[in-house]
Amino acid sequence: MKQNTYFNRELSWIEFNARILTEALRKELPVLERLQFLAIVSSNFDEFFQVRVASIMRQQNNDSLQRDSSGLTPSQLLRQISARSHQIMHRQYQCLTKDILPALAEKGICYVPPKDFTQEQKEFSQDYFKSTIFPLLTPLRIQGDFFPSIVNLKLYAAFLLAPMHGIKPFSDIPGYDTSQPFIAIVQVPSGLPRVLWLPEQTKNKSFALVDDLIIQYGTQLFPGFTVTETMLFKVTRDADFSVDEDSGNFLNAMEEVLLQRQTASFAVRLVCNGASPAILSLLTQKLDLTPDAVYQVQGILDPATLQDIHNADSEGKLRYPAWQHFYQPPEEPYWDLLKQKDLLLHVPYESYQPVVQFIADAADDPDVLAIKMTLYRTGSDSPIIAALLRAANNGKQVTCFVEVKARFDEERNIGWAAQLEKAGVTVIYGIVNYKVHAKILMVMRRENGGIKRYVHLSTGNYNTKTARLYSDLSLFTTNLQIANDATQFFNIISGYSAIQSMKYLSMAPVTLKSNILAMIQREIELSTPENPGLIMAKMNNLCHEEVIDALYDASRVGVRIMLNVRGICMLVPGIEGMSKNISVVSIIDRYLEHSRIFYFQNGGAPELYLSSADWMNRNLDRRVELMFPVLDRTLFKEIYHTLQLYFADNTHAHELQSTGEWKLRTPGKNEEPVRAQEQLYKKYKKRMQRAEAQPEIEFKVRRSD
């Protein structure tokens with residue numbers, strides 16, 4: 001059998017979601033953390049089906065027989081996606097029903113279905129339904145050609161109805177087909193907490209779900225009918241829309257795309273529970289879905305919306321032990337610190353406060369004249385946005401490159417952009433046909449009769465909330481050449497500056513890919529049997545075939561290649577004559593690994609880079625990205641040791657096999673367990689303790705005897 005050169009991109013992503021599920025299956029983890037991993041699996045699948053599967057379905061609908069680089073046609077790929085996704089979701093819901101919920105009950109947090117309500121709980125739930133839920137419900141019938149709009153990713157309850165004896169509903173409506181079943185649907189109100197805490201006679205905390213109550217008491221919605229069958233369901237729709245970037249009004253065009261996502265797009269997947277053949281048959285027919293696109297599960301639908309359960313653990317005993325985000329307030333302004341040396345920030349082990357404070361100081365410092373930065377995902381209630389607004393109100397020249405095409409954050413980014421423009425900020429809405437994904441900030445400050453430039457470059461977004469959950473690295477520097485490159489970068493993306501070469505910054509789609517390929521080629525040329533080359537790279541995804549082919553070429557001449565890829569990996573490792581010298585690991589732990597680190601041995605003169613870009617087609621060819629070097633030798637060594645630690649992990653790392661299987665690493669007989677994230681946390685904790693420890697000054701007084 002011929003060995004494939006590449007793994008399929010989509011199937012590789014599904015295995016990433018399977019690795020997340022593996023964390024939920026770990027019985028040694030705190031139960032609410034396991035529930036959180038189950039929720040992540042659901043959220044990930046939602047986005048995957050909206051974007052990737054929708055795109056493949058569109059290819060199939062166009063009768064495309066073209067095979068991808070893994071050799072699969074769209075139809076073949078959809079079948080494999082469905083088969084593997086069904087397996088994972090089956091394990092996910094088994095874990096939820098047979099493991100997580102019983103484990104929660106043992107800890108005093110009990111899920112109670114309506115059939116098990118006590119009399120007090122029944123009365124409480126009936127009253128809550130009547131007073132709070134019922135007024136929000138709007139039942140919609142499905143009959144004949146009429147099919148109501150099903151909103152993307154919203155939860156619905158469906159009812160199969162039978163007229164009570166002696167009642168002939170709708171019989172006087174012309175054309176109404178009474179031979180078809182009476183089916184109605186109701187959207188579960190998203191404005192209410194889904195979790196409803198029930199009265200309990202013991203010290204336990206019991207909860208039901210709003211959708212349980214709608215199913216249980218739904219007969220009140222349909223006077224004259226009895227409910228014979230019920231079903232909960234959620235529809236995933238195509239969200240892979242592209243905006244017309246040549247539109248006369250780009251923002252209006254983007255808002256149209258946001259509306260289309262909700263109801264105007266075609267259905268991609270139906271997730272449901274409850275055994276109602278009649279309802280399921282009608283829904284699949286109306287939504288034009290094949291059986292492969294239907295995911296019937298047992299138990300609570302959609303674990304991603306159960307976050308309120310976390311509120312029951314007020315003491316945090318059912319979650320990970322708290323890890324601090326270490327922060328040592330500087331004894332002097334950042335301007336003075338950065339004149340002495342570059343600074344490195346590693347979140348979430350270290351607090352994101354230095355970035356927030358740096359921008360806040362720039363907004364208030366009378367000597368700061370201008371601020372330029374890119375914004376991709378900022379989160380809600382952003383203190384960074386607040387600082388930029390304040391800077392503009394203080395008369396500073398503020399320029400922001402707001403990427404409104406950041407998928408699923410478009411609406412929020414449009415809102416931020418409008419606020420910034422209103423305050424006098426110069427807002428640039430990205431670049432036509434390219435997403436600005438680079439993370440860069442530059443502050444221009446008047447000093448000693450001239451202008452001093454301070455630059456911040458990062459692997460992650462300017463988002464204070466994800467900075468508590470995502471592992472990212474960023475660099476503060478006043479290096480003159482990097483500042484010159486940063487100035488040139490902003491001029492390039494702001495208008496009509498001709499693209500010129502930059503000395504230290506590599507920019508996609510201009511030089512980043514070619515520089516990576518050149519460094520791989522350099523490693524090939526410098527590698528010898530006595531002193532083989534070495535490439536170590538950490539990233540989120542690896543699926544750029546040109547880069548993969550270059551890595552294969554390097555492996556063939558003996559270059560050792562160590563890859564740490566969190567998600568998608570299309571490269572096939574461990575194949576004689578192609579990739580024998582390549583190993584691939586993936587770490588899934590309490591923090592999302594998001595940093596991109598690239599190390600090249602370079603014949604004994606090693607180079608190390610950080611980047612906003614993965615080695616993907618979209619990042620290297622269709623986005624504006626940056627890769628930047630770590631020039632400070634102390635910071636270089638620190639990042640290098642961090643990179644080595646990621647490859648030493650043997651508790652939360654999976655290793656990719658040439659078959660495509662990911663095997664969980666475990667410590668050998670004589671090996672100590674190594675958990676990279678825990679080791680990093682301990683490192684920064686010790687550093688903080690050393691910084692806080694004040695040396696005692698002892699005065700020794702000489703006395704005459």
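Numbers at a glance
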{"read-out": "Candidate lysines - alpha carbon under 20 Å from Lys685, same-chain residues fewer than 8 apart omitted", "value": "Lys637"}
{"read-out": "Accessible area of the chain belonging to carbon and sulfur atoms, whole % at 1.4 Å probe", "value": "48"}
{"read-out": "Cα-based equivalent ellipsoid, the stretch 342-479: semi-axes from gyration tensor eigenvalues, Å", "value": "22, 19, 13"}
{"read-out": "DSSP-defined beta bridges in the chain - what % are antiparallel, rounded to 5", "value": "70"}
{"read-out": "With all protein chains modelled, accessible area of Arg566 [1.4 Å, Å²]", "value": "40"}
{"read-out": "Gyration tensor (alpha-carbon) shape descriptor, the stretch 596-657, a/c threshold 1.5", "value": "oblate"}
{"read-out": "Whether the stretch 311-422 is rounded, prolate or oblate, judged on the alpha carbon gyration tensor where a/c under 1.5 counts as rounded", "value": "oblate"}
{"read-out": "Rounded if a/c under 1.5, otherwise prolate or oblate - the stretch 1-56, Cα gyration tensor axes", "value": "oblate"}
{"read-out": "Range of Cα positions in the stretch 72-169 per principal axis (Å), largest first", "value": "54, 50, 26"}
{"read-out": "Unit charges at the beta carbon, dipole of the chain: most positive-side option, Asn540, Ile582, Leu626", "value": "Ile582"}
{"read-out": "Partners for Lys286 among lysines (Cα-Cα distance below 23 Å; same-chain residues under 8 apart left out)", "value": "Lys154, Lys234"}
{"read-out": "Simple spin-label estimate for Arg468 and Thr226 in nanometres, 7 Å along Cα-Cβ", "value": "5.2"}
{"read-out": "Normalised per residue, the volume of the convex hull around the Cα set of the stretch 452-583 (Å³)", "value": "148"}
{"read-out": "Within the chain, longest stretch free of exposed GluC sites (Glu not before Pro) [DSSP loop, at most 12 other beta carbons within 10 Å]", "value": "29-314"}
{"read-out": "Virtual paramagnetic centre 7 Å along Cα→Cβ of Thr97, amide N under 20 Å, in the stretch 136-158", "value": "155-158"}
{"read-out": "In degrees, nearest ten, helix 676-692 long axis to first principal axis of the chain (Cα)", "value": "60"}
{"read-out": "Relative contact order of the chain, pairs being alpha-carbon contacts under 8 Å that are 6 or more residues apart, as %", "value": "11"}
{"read-out": "Percentage, to the nearest whole number, of Cα pairs in the stretch 451-520 over 20 Å apart", "value": "44"}
{"read-out": "Residues of the stretch 501-589: accessible area per residue with a 1.4 Å probe, Å²", "value": "34"}
{"read-out": "Accessible solvent surface per residue of the stretch 1-93, calculated while the other protein chains remain in place, 1.4 angstrom probe, Å²", "value": "44"}
{"read-out": "Straight-distance crosslink candidates among lysines, where the alpha carbon sits under 22 Å from Lys122 and sequence neighbours closer than 8 are dropped", "value": "Lys130, Lys203, Lys205"}
{"read-out": "Nitroxide proxy distance, nm - points 7 Å out along Cα→Cβ at Leu65 and Leu136", "value": "5.2"}
{"read-out": "10 Å Cβ shell holding at most 10 others, DSSP loop, chymotrypsin sites (Phe, Trp or Tyr not before Pro): longest site-free stretch of the chain", "value": "1-495"}
{"read-out": "Cα coordinate range in the stretch 20-111, projected on the principal axes (Å, largest first)", "value": "54, 20, 16"}
{"read-out": "Where a label projected 7 Å from the Cα of Gln126 along Cα→Cβ would reach, residues of the stretch 204-220 with amide N under 19 Å", "value": "208-220"}
{"read-out": "Low-density loop positions, trypsin sites (Lys or Arg not before Pro), the stretch 314-373 - DSSP coil, at most 15 other Cβ in 10 Å", "value": "Lys317, Lys341"}
{"read-out": "Qualifying trypsin sites (Lys or Arg not before Pro) in the stretch 442-482, DSSP loop, other Cβ atoms within 10 Å at most 15", "value": "Lys465"}
{"read-out": "Computed over the stretch 337-468: relative contact order in percent, which uses C-alpha pairs under 8 Å that are six or more apart", "value": "31"}
{"read-out": "Value in Å of the Kirkwood radius, where the chain supplies the Cα pairs that are averaged", "value": "28.4"}
{"read-out": "Cα long-axis angle, helix 277-287 against the chain (0 to 90 degrees, to the nearest 10)", "value": "50"}
{"read-out": "CD proxy at 222 nm, helix term only [per DSSP H run n ≥ 4: -39500 (n - 2.57); per residue of the chain; nearest 500]", "value": "-10500 deg cm²/dmol"}
{"read-out": "Average Cα contact separation per residue, the stretch 480-576, under 8 Å, 6 or more apart, as relative contact order %", "value": "24"}
{"read-out": "Approximate spin-label separation Glu421-Ser281, in nm, with each point projected 7 Å along Cα-to-Cβ", "value": "5.3"}
{"read-out": "Rounded FRET efficiency, nearest 0.05, which uses the C-beta distance separating Leu337 from Ser314 and R0 of 41 Å", "value": "0.55"}
{"read-out": "Folded to 0 to 90 degrees: helix 480-494 orientation relative to the chain principal axis, Cα", "value": "40"}
{"read-out": "Percent breakdown of C-alpha pair distances by 10 Å bin, ordered from the shortest bin, for the stretch 556-613", "value": "19, 43, 34, 4"}
{"read-out": "Pairwise FRET efficiency - Glu28 versus Gln481, Cβ, R0 = 51 Å, nearest 0.05", "value": "0.55"}
{"read-out": "Calculated FRET value between Asn602 and Val151, using beta carbons and R₀ = 45 Å, to 0.05", "value": "0.25"}
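The values are calculated or read from the model by the stated rules, or taken from the named source; none is laboratory data. Just so we're clear, the structure is a prediction, and the values are computed from it rather than from any experiment. Reconstructed Cβ throughout: ideal geometry from the backbone, glycine too, with neighbour counts over all protein chains shown. When the accessible area is computed, the model is the full protein with side chains, heavy atoms only, and any ligands, DNA or RNA have been set aside. Shrake-Rupley method; radii C 1.70, N 1.55, O 1.52, S 1.80 Å.
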